[in-house]
Amino acid sequence: MARREQEIVVSTGAGGLGAAVAAETGGALGEVEAIRARGYWELIWRRFRRDKVAIGSGAFIILLILIAFAGAPIAKHYVGHGPNDLFLTAPAVNLAGLPANPWTHVTNEATGKKNVLVLGAANRLGQDEFLRLIYGARISLEVAGLSTLGVMIIGVLLGATAGYFRGWVDTIISRLTEVTMAFPLLIFVISLAATVGPQLDKITLGIFPKGVLTLVVIFSLFGWFYPARIMRAQVLSIREKEYVEAARMIGASNTRIIRSHVLPHLVAPIIVYSTLTVASYVLLEAGLSFLGVGIKFEPSWGNLLSSGPDFYTTRPLLMVWPGLAVLLTTLAFNLLGDGLRDAFDPRASNM
């Protein structure tokens, strides 16, 4: 009798479980549904898309890139002049030397046609604030993007080498990292701008505005130390993992182990740190240009901010537009980096 009651209880429990599974999956009881395993990148994407703020930040960055590189030439075509064109007379600049207000119509002396200054004039030279703003986005993104690429290449190579080989290799790279960290970057940039800066700014490779490559080289040479320290710490942990030991035991070379087992595990910190580094270089480029030692003659958010305070009581919007551009861009990259960090390491977001 006891055995029969036990069979009834087990049968009833199994039926209840089956009904619950059927209700959850939407299928009939007894049907077997294939379960597809999700890959690593698919799981990351599923976690990342739940973060609406990060998704919005990524959309803003994509829109900014499209405006800077595709929209700027289109805007230049429709307004009828370039970002460096001068309008020295009224109404672009009034008799008191004040730049024009938004939506001021001016005459282009070169073509004789009427043009419009969408956001008004940027300075006493009557240059177009709107065009200089979107062309400044191009310069800021070029400097920040190329500098980030440079520091990540140098930092990942040196950091991975130091962490994997350790010993005297680690000692040399660590001492070089400490020397680079202690280097006074701002003093060096100011000294460079006062001496050979004009000659270096002429190096453009035919595709970059003047001064962009100079800043990229300087930022890359003196900014790689932080990613190098991060990658070194990551590799020190990875090289002790079981799969690395197994690869070493079956005779795999160091080159193969680094390529197949170490570098793939560095993708997540590289992507996350790169987004945060871009934001820091946008700020750094704007700060140096504001001081007059970065981008000097080409349109840049920094030199727009440097000329804005001259008119803060009469034309306050001249400070607002580039200030908002720098603020929103750096905020978008930082929020995107936070979202990517949580997507790659979900445990960190729950701590």
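List of remarks:
- Longest to shortest principal axis, alpha-carbon extents of segment 200-309, angstrom: 64, 29, 18
- For Phe87, the residues whose amide H sits under 5 Å from its own are Gly126, Gln127, ignoring neighbours fewer than 5 places away on the same chain, with H placed 1.01 Å from N.
- 0 to 90° range, to nearest 10: angle between helix 225-238 axis and the chain longest Cα axis: 10 degrees
- Loop-located trypsin sites (Lys or Arg not before Pro) in segment 158-228, at most 12 other Cβ atoms within 10 Å (DSSP): Lys202
- Per-residue Karplus couplings for segment 117-125, computed as 6.51 cos²θ - 1.76 cosθ + 1.60 with θ equal to phi - 60°, are listed in order as 9, 4, 9, x, 8, 8, 7, 6, 8 Hz, Gly and Pro entered as x.
- Relative to the dominant Cα principal axis of the chain, helix 2-25 is inclined by about 20°.
- Hull shadow area, averaged, segment 107-168 [alpha-carbon convex hull, nm²]: 7.1 nm²
- Residues His81, His265 in ascending order of nearby Cβ atoms (within 10 Å, fewest first): His265, His81.
- Considering only GluC sites (Glu not before Pro) in DSSP loops that have at most 15 other Cβ atoms within 10 Å, the longest stretch of the chain without any of them is 110-239.
- Karplus 3J(HN,Hα) series, Hz, for segment 140-156 with 6.51 cos²θ - 1.76 cosθ + 1.60 (x for Gly, Pro): 4, 5, 5, 5, 5, x, 5, 5, 4, 4, x, 5, 6, 4, 5, x, 5
- Neighbour net charge for Asp170 - beta-carbon separation under 13 angstrom, K R +1, D E -1: +4
- Length-normalised contact order of the chain in % [C-alpha pairs under 8 Å, at least 6 apart]: 20 percent
- Net charge over other residues, Cβ less than 11 angstrom from the Cβ of Asn101 (K, R count +1; D, E count -1): 0
- Estimated [θ] at 222 nm from DSSP helical runs (n ≥ 4, -39500 (n - 2.57)) normalised by residues in the chain, nearest 500: -20500 deg cm²/dmol
- Per-residue Cβ neighbour rank within 10 angstrom, fewest leading, Tyr164, Tyr135: Tyr164, Tyr135
- Amide H contacts of Thr104 (H built 1.01 Å from N, in plane; Pro and chain starts excluded): Leu117, Gly120 sit under 5 Å, all sequence-distant by 5 or more or on other chains.
- Cα-based reach from Lys114 at 20 Å (exclusive), listing lysines while leaving out same-chain residues under 8 positions away: Lys76
- When each of Leu215, Leu331, Leu131, Leu95 is scored by the number of other beta-carbon atoms lying within 10 Å, the sequence from fewest to most is Leu95, Leu331, Leu131, Leu215.
- Viscosity 1.306 mPa s, 10 °C: Kirkwood-radius Stokes-Einstein D of the chain over Cα pairs, µm²/s: 65 µm²/s
Rule-based calculations on the coordinates, nothing more; no lab input. The structure displayed is predicted, hence computed values, not measured ones. Don't worry about glycine lacking a Cβ; one is built from the backbone with ideal geometry, like all the others, and counts go over all protein chains shown.
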